[in-house]
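Q: I have a structure here, written as structure tokens, and I will follow up with some questions on it.
The values are calculated or read from the model by the stated rules, or taken from the named source; none is laboratory data. Owing to the predicted nature of the structure, the values given are computational and were not obtained by experimental measurement. Cβ: placed from backbone, ideal geometry, glycine included. Neighbour counts: every protein chain shown. Ligands, DNA and RNA are stripped out before the accessible areas are found, and what is left, the full protein with its side chains, is counted by its heavy atoms. Shrake-Rupley method; radii C 1.70, N 1.55, O 1.52, S 1.80 Å.
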Amino acid sequence: MKPFEYARAASPAEAVRGFAPGTMYLGGGTNLVDLMKLGVAEPERLLDVSRLPLDAIEQTDGDRVRVGATVRNTDLAAHPVIRSRYPMLARAVLAGASGQVRNVATVGGNLLQRTRCTYFQDVSRPCNKRRPGSGCPAIEGDHAGLAVLGASDACVATHPSDMAVALAALGADVHVTGPGGDRIIPMPGLHRLPGDEPERDTVLEPGDLITAVELPPPPPGASHYRKVRERSSFAFALVSVAAVLDVRDGAVAGCRIALGGVAHVPWRAERAEQALIGGPATGEAFLQAAETELEQAGPLPRNAYKVPLARNLIVATLEELAP
Amino acid sequence: MEITLRVNGVPRKADVDPRMSLLDLLRERLGLIGAKKGCDHGQCGACTVLIDGRRANSCLALAVAVDDRDITTVEGLADGDELHPLQAAFIEHDAFQCGYCTPGQLCSAEGMLGEPGPSAITEDLLTDPGLTPDEIRERMSGNLCRCGAYVNIVTAIGEVAR
């Protein structure tokens, strides 16, 4: 591992002031420290923000819930308000990683874990995300677990967070402070598609620091998070779905669908949502909506299975939620 | 950098390179070789210790970042010559073969028994499911055992959980 300096920030303002080129913020470290061991991340300086006083979960005005950026994943999933009012979010967090990792990983860090693939993590191989312009061996090589939606010729990596998929479905607000001041980024707007700049996972600028995630009031209807993976625990999603369905008098009054494991970002399935609103809550309608969404898919030879898998998972989840 | 930890209740000072993991500090500087280096990437759980009472992968923790924390390793589980109930249950139920993953399994189980709330497989998020064998398997999924002693590990933990 390349030598680096270590410092700890006492407040968000101090962290932003202390940020300089070559600095990286350190949260729980479960992704960053791993990438540093692999030689993928080589910060000159780590600014530890894991002890900032941002570890509260509190109700705010307008029936919203503010989750501080340093809240640990375990504490988010176990919180009574999250379990009772945002069960889809609790389930998504619990579906991610292991008990040990969730105890350490922060909410801010979970969002900012790198969008990645095995080539990104192997410094002996080219990777446009790690070394822009060097090429993408995944497109010709092992891409079985990688993106089928929104990928580019430069990158087919996926964002592995489960939590972010639920936050994308909820439309949570990400609170950011930085050298340019404070701002709010509604999910799924934090993450970006690779395009020809796959080195950028998010829309954040250097020095930007996530301070909180604010949850809107729970949308009406029933919700669920389902994850399909190669083993039943401690594995990334091949495909996951966060869905909310509100059915009144047999018609879909409201619908939110977000997909994980299929794109460089947590993928909000807006076309499927639009296709469903106002229509009947039937298996046939769910199937048509899923197919409408997945018409945009551009699978590679070895991940084409993800398209029918995503379709079937969307349909099964909505059928489970329909009254 | 100068750091101070309490390891198994004893204050320990160390001057560490920022690159040093908590696992390397424990094993190479403090002589506590219970926690094992398996994958060194947070995937196998052999390095699991308790940090302020919560189980964590010590290979992914920078020593400088756990300055001032309370660390419990497998060496700190027993009370003198009296084994921790989990240790006794692991022996009773033959919950290991080579033993390499065992310190991590023990620390992980100890942390897991104190963790509140549901797991990924809990049907009703608002009701305590109790530590059924399936719940134990899900909650212990961060600890691999290449000998495949899982059946007896689940039995041993289940006995202590009762």
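Q: Right, residue B:72: over 28 Å from residue B:116 (Cα atoms), touching a residue at least 60 places away in the same chain (Cβ under 8 Å), surrounded by fewer than 24 Cβ atoms within 10 Å (Cβ to Cβ) and more than 12 Å from chain A (Cβ to nearest Cβ) or not?
A: On the way: over 28 Å from residue B:116 (Cα atoms): no; touching a residue at least 60 places away in the same chain (Cβ under 8 Å): yes; surrounded by fewer than 24 Cβ atoms within 10 Å (Cβ to Cβ): yes; more than 12 Å from chain A (Cβ to nearest Cβ): yes.
It is false that residue B:72 is over 28 Å from residue B:116 (Cα atoms), touching a residue at least 60 places away in the same chain (Cβ under 8 Å), surrounded by fewer than 24 Cβ atoms within 10 Å (Cβ to Cβ) and more than 12 Å from chain A (Cβ to nearest Cβ).
Q: Okay, next question. Restricting attention to region B:5-33, report how many residues are open to solvent by less than 10 Å² (accessible area, probe 1.4 Å) and away from every other protein chain (no Cβ under 12 Å).
A: Adding up the residues that qualify gives 4.
Q: Check region A:164-179 and report whether any residue there is under 11 Å from the mean Cα position of the chain (by Cα), in contact (Cβ under 8 Å) with a residue 12 or more places away in the chain and surrounded by fewer than 23 Cβ atoms within 10 Å (Cβ to Cβ).
A: Looking only at region A:164-179, we keep the residues that are under 11 Å from the mean Cα position of the chain (by Cα), and these are A:164-169.
Add one more test, that the residue is in contact (Cβ under 8 Å) with a residue 12 or more places away in the chain, and what stays is A:164-169.
Within this subset, residues satisfying the condition of being surrounded by fewer than 23 Cβ atoms within 10 Å (Cβ to Cβ) are none.
No, region A:164-179 contains no residue that is under 11 Å from the mean Cα position of the chain (by Cα), in contact (Cβ under 8 Å) with a residue 12 or more places away in the chain and surrounded by fewer than 23 Cβ atoms within 10 Å (Cβ to Cβ).
Q: Exactly one of (1) open to solvent by 10 Å² or more (accessible area, probe 1.4 Å); (2) over 16 Å from the mean Cα position of the chain (by Cα) is unmet by residue A:158. Its number?
A: (2) is the only condition that residue A:158 fails.
Q: Using the structure shown, decide if residue A:39 is over 16 Å from the mean Cα position of the chain (by Cα), at positive phi and within 14 Å of chain B (Cβ to nearest Cβ). Reasoning before the result, please.
A: Working: over 16 Å from the mean Cα position of the chain (by Cα): yes; at positive phi: yes; within 14 Å of chain B (Cβ to nearest Cβ): yes.
For residue A:39, the condition - over 16 Å from the mean Cα position of the chain (by Cα), at positive phi and within 14 Å of chain B (Cβ to nearest Cβ) - is met.
Q: Right, here's the next one. For region A:32-41, name all the residues that are open to solvent by 20 Å² or more (accessible area, probe 1.4 Å) and over 14 Å from residue B:21 (Cβ atoms).
A: Step one: list which residues in region A:32-41 are open to solvent by 20 Å² or more (accessible area, probe 1.4 Å), which gives A:32, A:37-40.
Scanning region A:32-41 gives A:39, A:40.
Q: Consider only pairs whose beta carbons are under 6 Å apart and that are at least six residues apart or on different chains; among these, list those whose first residue lies in region B:89-105 and is over 14 Å from residue B:158 (Cα atoms) and whose second residue is of a type in the set (Val, Ile, Thr) and assigned to a loop (DSSP other than H, G, I, E, B).
A: Filtered contacts from region B:89-105: no entries.
Q: Would you please name the residue that is least open to solvent (accessible area, probe 1.4 Å), looking only at residues in region A:50-80 that are of a type in the set (D, E, K, R), in contact (Cβ under 8 Å) with a residue 24 or more places away in the chain and more than 14 Å from chain B (Cβ to nearest Cβ)? Write out each step before concluding.
A: Kept after step one, since they are of a type in the set (D, E, K, R), are these residues of region A:50-80: A:51, A:55, A:58, A:61, A:63-64, A:66, A:72, A:75.
From what is left, the residues that are in contact (Cβ under 8 Å) with a residue 24 or more places away in the chain are A:51, A:63-64, A:66, A:72.
In the following step, the residues that additionally are more than 14 Å from chain B (Cβ to nearest Cβ) were identified as A:63-64, A:66.
Working: A:63: 74, A:64: 54, A:66: 73 Å².
For region A:50-80, the residue satisfying everything is A:64.
Q: Which residue, of A:241, A:203, is surrounded by fewer than 16 Cβ atoms within 10 Å (Cβ to Cβ) and of a type in the set (A, V, I, L, M, F, W, C)? Give the derivation first.
A: Values: A:241 fails: surrounded by fewer than 16 Cβ atoms within 10 Å (Cβ to Cβ).
It is A:203.
Q: Please go through region A:13-31 and pick out each residue that is within 13 Å of residue B:65 (Cα to Cα) and within 11 Å of chain B (Cβ to nearest Cβ).
A: First, the residues of region A:13-31 that are within 13 Å of residue B:65 (Cα to Cα): A:25-30.
If the condition is that a residue be within 13 Å of residue B:65 (Cα to Cα) and within 11 Å of chain B (Cβ to nearest Cβ), then A:26, A:27, A:28, A:29, A:30 are the ones that fit.
Q: Scan region A:78-119 residue by residue and report those that are among the β-branched types (Val, Ile, Thr) and either under 24 Å from residue B:111 (Cα atoms) or part of a helix (DSSP H, G or I) (or both). Spell out how you get there, then give the answer.
A: Start the filter on region A:78-119 by keeping residues that are among the β-branched types (Val, Ile, Thr), which leaves A:81-82, A:93, A:101, A:104, A:106-107, A:115, A:118.
Those that are among the β-branched types (Val, Ile, Thr) and either under 24 Å from residue B:111 (Cα atoms) or part of a helix (DSSP H, G or I) (or both): A:81, A:82, A:93, A:101, A:104, A:106, A:107.
Q: Further question: Looking only at region A:81-123, filter to residues that are among the hydroxyl-bearing types (Ser, Thr, Tyr) and over 18 Å from residue A:261 (Cα atoms); which one of those is nearest to the other protein chains (Cβ to nearest Cβ)? Before the answer, list the steps.
A: Start the filter on region A:81-123 by keeping residues that are among the hydroxyl-bearing types (Ser, Thr, Tyr), which leaves A:84, A:86, A:98, A:106, A:115, A:118-119.
Now narrow it down to the ones that are over 18 Å from residue A:261 (Cα atoms): A:84, A:86, A:106.
Details: A:84: 6, A:86: 10, A:106: 12 Å.
Checking each candidate, the answer is A:84.
Q: Those residues that are polar (S, T, N, Q), closer than 18 Å to residue B:55 by Cα and facing chain A (nearest Cβ under 9 Å), I need them from region B:84-130; list them, please.
A: B:108, B:119
Q: Can we say residue B:99 is open to solvent by 20 Å² or more (accessible area, probe 1.4 Å), assigned by TED's automatic domain parsing to the domain that holds residue B:137 and out of contact with any helix residue (DSSP H, G or I) (no Cβ under 8 Å at 6 or more places or on another chain)? Break it down stepwise before answering.
A: Details: open to solvent by 20 Å² or more (accessible area, probe 1.4 Å): yes; assigned by TED's automatic domain parsing to the domain that holds residue B:137: yes; out of contact with any helix residue (DSSP H, G or I) (no Cβ under 8 Å at 6 or more places or on another chain): yes.
Against the criterion (open to solvent by 20 Å² or more (accessible area, probe 1.4 Å), assigned by TED's automatic domain parsing to the domain that holds residue B:137 and out of contact with any helix residue (DSSP H, G or I) (no Cβ under 8 Å at 6 or more places or on another chain)), residue B:99 qualifies.
Q: Right, something else. When you look at residue B:133, is it within 14 Å of another protein chain (Cβ to nearest Cβ), farther than 18 Å from residue A:97 by Cα, open to solvent by 10 Å² or more (accessible area, probe 1.4 Å) and touching a Ser or Thr at 6+ places or on another chain (Cβ under 7 Å), yes or no? Outline the logic, then answer.
A: Working: within 14 Å of another protein chain (Cβ to nearest Cβ): yes; farther than 18 Å from residue A:97 by Cα: yes; open to solvent by 10 Å² or more (accessible area, probe 1.4 Å): yes; touching a Ser or Thr at 6+ places or on another chain (Cβ under 7 Å): no.
Spelling it out, it is not the case that residue B:133 is within 14 Å of another protein chain (Cβ to nearest Cβ), farther than 18 Å from residue A:97 by Cα, open to solvent by 10 Å² or more (accessible area, probe 1.4 Å) and touching a Ser or Thr at 6+ places or on another chain (Cβ under 7 Å).
Q: Looking only at region B:34-56, count how many residues are under 13 Å from residue A:33 (Cβ atoms), within 7 Å of chain A (Cβ to nearest Cβ) and open to solvent by less than 10 Å² (accessible area, probe 1.4 Å).
A: 2
Q: Please note which helices (runs of 4 or more DSSP H) are completely contained in region B:52-162 and include at least 2 residues that are touching a Cys at 6+ places or on another chain (Cβ under 7 Å) and not small (Gly, Ala, Ser). Quick ask: steps written out before the conclusion?
A: Working: elements: B:85-92, B:102-113, B:133-139, B:150-161.
Because the criterion is at least 2 residues that are touching a Cys at 6+ places or on another chain (Cβ under 7 Å) and not small (Gly, Ala, Ser), no helices (runs of 4 or more DSSP H) in region B:52-162 meet it.
Q: Could you check region B:106-130 and list, in sequence order, the residues that are over 20 Å from residue A:96 (Cα atoms) and open to solvent by less than 20 Å² (accessible area, probe 1.4 Å)?
A: Once the filter is applied, which keeps residues that are over 20 Å from residue A:96 (Cα atoms) and open to solvent by less than 20 Å² (accessible area, probe 1.4 Å), region B:106-130 yields B:106, B:107.
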